[in-house]
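Note sheet for the following structure.
The values are calculated or read from the model by the stated rules, or taken from the named source; none is laboratory data. All of these numbers come straight from a predicted model, not from anything done at the bench. Virtual Cβ from ideal backbone geometry, glycine too; neighbours counted across all protein chains shown. Heads up: the accessible areas ignore ligands, DNA and RNA and are worked out on the full protein's heavy atoms, side chains in. Shrake-Rupley method; radii C 1.70, N 1.55, O 1.52, S 1.80 Å.
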Amino acid sequence: MPFQIGDKVAHPIYGAGILEDVIQKKVDGVARDYYVMRLPSRSMEVMIPKESSVEMGVRPVVDRVQADKLLAAIPGIQVEMTSNWNRRYQENLERLKSGNLIEVARVVKGLTLRDSKRGLSTGERKMLQSARQILVSELVLSKEQSHEEAEQELNTALA
């Protein structure tokens, strides 16, 4: 499924953005087409190889109804996290890479709860920030709201 310039898409690692251009770039002597995605919430651009974008997990941003369903589902998400730091980190990393917003929300909820009870390591704190960024960026684009409004809705759902 090729994307078009102007499409709102979500990248499993970087979050949601808008495709602004398609450029050709030579890497290791091979010319390839790349989508240029602007991430409004981070003032950053990401280049995504056009031919492997779908395999990487790039997908259209959810619509407003799906975003509202996600927020409504967060309070009911069950969180079970192993006490083994390394295994917990790997499980959460896999959830983030999946691109599934419910799984990303599970990471946010689990790490937020753990932080309130025990605190987080530096690695888990970074992961929590990244997971929140992924959710908030998608809420911003799907619901056409400010970063602050999306943060507030997420905080309300987590409370």
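Quick notes
- Cα-centred dipole magnitude for region 1-146, charges only on beta-carbon of K, R (+1) and D, E (-1), debye, nearest 20: 580
- Sparsely packed trypsin sites (Lys or Arg not before Pro) within region 101-159, loop by DSSP, other Cβ within 10 Å at most 13: R118
- On the chain, 49 percent of the accessible area sits on carbon and sulfur atoms, based on a 1.4 Å probe.
- Choice from A105, A31, A67 showing the highest fluctuation, given a GNM over the chain with Cα pairs closer than 10 Å: A31
- Gain upon complete extension [S43, T122; 0.36 nm per residue less C-alpha separation]: 26.1 nm
- Cross-link partners for K25 among the lysines, with Cα-Cα distance under 20 Å and sequence neighbours closer than 8 places in the same chain left out: K50.
- With a 1.4 Å probe rolled over the protein heavy atoms of all chains, the accessible area of H11, H147 falls in the order H147, H11, largest first.
- Secondary-structure-derived ellipticity at 222 nm for the chain, considering helices only, amounts to -15500 deg cm²/dmol, per-run term -39500 (n - 2.57) for DSSP H runs with n ≥ 4.
- With all pairs of separate Cα atoms included, region 1-40 yields a Kirkwood hydrodynamic radius of 10.9 Å.
- Per residue accessible area in Å² of the chain, where ligands, DNA and RNA are left out and the probe is 1.4 Å: 55
- Projecting label points 7 angstrom from Cα along Cα→Cβ for V22 and V54 puts them 1.4 nm apart.
- For the chain, built as a Gaussian network whose Cα springs stay under 10 Å, the top-fluctuating residue of N84, N92, N100: N84
- Helix axis angle, 122-143 relative to the chain longest principal axis, alpha carbon, degrees: 60
- Under 18 Å from K97, Cα to Cα: lysines that are on another chain or at least 8 residues apart: K109, K126
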